[in-house]
1. Sort out which residues of region 51-83 are assigned to a helix (DSSP H, G or I) and either in contact with a Pro (Cβ under 9 Å, 6 or more places away or on another chain) or among the polar types (S, T, N, Q) (or both), and write them in order of number.
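The values are calculated or read from the model by the stated rules, or taken from the named source; none is laboratory data. This is a predicted model, so every value here is computed, not measured. Methodologically, a virtual Cβ is constructed for each residue, glycine included, from the backbone with ideal geometry; neighbour enumeration extends over all protein chains shown.
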Amino acid sequence: MYNDDPYDDAPLGPAHRGIPPGAHNDRRPAEAQRMGLSRHTQEGALIEFAAQLNATKPAHRFIAFLMLITFATPVLFTIYLLL
């Protein structure tokens, strides 16, 4: 699949240039798409992961709660230190 021969002058096909962000099933919210966030960035990967969570499944609700605690704790500590 990859061209490992340094002496081969054959042009590389599209598969060698990377996967375009819209090549797979895109579950990002419209706002993330407009901002250009894809699953290949840290922020876009978190948004896509959160968008795939299903609120009817208890395990997904637990993961969403853990994510909320993870991201809210530093903000709360910062506010506490400022007061």
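1. Listed by number, the residues that qualify are ALA51, THR70, THR73, THR78.
Every residue, every condition in (1) farther than 23 Å from PHE65 by Cβ; (2) of a type outside the set (S, T, N, Q); (3) at pLDDT 75 or above; (4) in contact with a strand residue (DSSP E or B) (Cβ under 9 Å, 6 or more places away or on another chain), yes or no:
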residue	(1), (2), (3), (4)
PRO14	yes, yes, no, no
PRO21	yes, yes, no, no
ASP26	yes, yes, no, no
ALA30	yes, yes, yes, no
THR41	yes, no, yes, no
LEU46	no, yes, yes, no
PHE49	no, yes, yes, no
